[in-house]
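In what follows, a structure is listed as structure tokens, so that the remarks can point back to it.
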Amino acid sequence: MPSTFHSHSVAQTEQIAAELAATFRPGDCIALHGDLGAGKTQFVRGLVRAYGGQERAVSSPTFVLLNCYPTPRGMIFHLDAYRISGPADLEAIGFEELLQQNGLVVIEWASRVKTLLPPTAIQIILTPPSPTTRQIDILRPDFP
Ligand SMILES: Nc1ncnc2c1ncn2[C@@H]1O[C@H](COP(=O)(O)OP(=O)(O)OP(=O)(O)O)[C@@H](O)[C@H]1O
Ligand SMILES: [Mg+2]
């Protein structure tokens, strides 16, 4: 599977997320990177739909920090570090425990809490070459 994808629409971004979802395993942490409007939340919609969850329930958890979506394939925990002041805030809401739940832990603005991310986190970087297109790069940690 290529590690760079090119999306030309919201639907295609969701489709790419769905393809990647097939490669994720229970307990994986997905770190999403990209500016405001890059498509991080759209990507999570695609993931939730691929898992058979309610994609309409997906929104940026900017104010609540954490949204939980039950799916037939397990929980998807969706976090947003945009407004938090640092890793301590995330620890306070039980981030470490979330990683132990055998769900999928997906976090927007992950670079703001870099020190808390597990070394196995899958890094996904969204960049907009144009208003309607997105480049999506996947960086998987190397396992020795
Ligand atoms: N190819 C595309 N893929 C994804 N989103 C796109 C694309 N083209 C346009 N968009 C638009 O970009 C926006 C992406 O919004 P989204 O909420 O997913 O961004 P975000 O990265 O979560 O931002 P924030 O940091 O504010 O939470 C939407 O308005 C969507 O319609
Ligand atoms: Mg968002």
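The values are calculated or read from the model by the stated rules, or taken from the named source; none is laboratory data. These numbers were taken from a predicted model, which means no experiment stands behind them. Cβ placement follows ideal geometry from the backbone for every residue including glycine, while neighbour counts extend to all protein chains displayed. Accessible surface is based on the protein model in full, side chains and every heavy atom, while ligands, DNA and RNA are left aside. Shrake-Rupley method; radii C 1.70, N 1.55, O 1.52, S 1.80 Å.
Here ALA22 passes the criteria (1) within 12 Å of ligand 2 (Cβ to nearest atom); (2) out of contact with any strand residue (DSSP E or B) (no Cβ under 6 Å at 6 or more places or on another chain) except the one numbered (1). Residues in the stretch 51-93 that are within 18 Å of ASP35 (Cα to Cα), within 16 Å of ligand 1 (Cβ to nearest atom) and of a type in the set (Ser, Thr, Tyr): SER59, SER60, THR62, TYR82.
Of the numbered criteria (1) at pLDDT 95 or above; (2) near ligand 1 (Cβ under 10 Å from one of its atoms); (3) open to solvent by 40 Å² or more (accessible area, probe 1.4 Å), the one LEU32 fails is (3).
A single member of ARG56, ARG83, ARG45 is on the phi < 0 side of the Ramachandran plot, in contact with a helix residue (DSSP H, G or I) (Cβ under 8 Å, 6 or more places away or on another chain), within 16 Å of ligand 2 (Cβ to nearest atom) and among the basic types (Lys, Arg), and it is ARG45.
Conditions (1) loosely packed, with under 13 Cβ neighbours inside 10 Å; (2) at pLDDT 95 or above, marked per residue:
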| residue | (1), (2) |
| --- | --- |
| ARG56 | yes, no |
| PRO61 | no, no |
| LEU65 | no, no |
| THR71 | no, yes |
| HIS78 | no, yes |
| ALA81 | no, no |
| GLY86 | yes, no |
| GLN101 | no, yes |
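The single condition among (1) within 16 Å of ligand 1 (Cβ to nearest atom); (2) free of Cβ contacts under 8 Å to residues at least 24 places away in the same chain that ALA38 does not meet is (2). For the condition under 23 Å from SER3 (Cβ atoms) and either aliphatic (A, V, I, L, M) or not in a helix (DSSP H, G or I) (or both), LEU90 does not qualify. Once the stretch 122-144 is narrowed to residues that are modelled with pLDDT under 95 and open to solvent by 80 Å² or more (accessible area, probe 1.4 Å), the residue that is farthest from SER7 (Cα to Cα) is PRO144. The requirement of being open to solvent by 60 Å² or more (accessible area, probe 1.4 Å), in contact with a helix residue (DSSP H, G or I) (Cβ under 6 Å, 6 or more places away or on another chain) and not basic (Lys, Arg) is fulfilled somewhere in the stretch 9-26, by at least one residue.
Is at least one residue of the stretch 108-121 within 16 Å of ligand 2 (Cβ to nearest atom), open to solvent by 80 Å² or more (accessible area, probe 1.4 Å) and not in a loop (DSSP other than H, G, I, E, B)? Scanning the stretch 108-121, I find at least one residue that is within 16 Å of ligand 2 (Cβ to nearest atom), open to solvent by 80 Å² or more (accessible area, probe 1.4 Å) and not in a loop (DSSP other than H, G, I, E, B), so the answer is yes.
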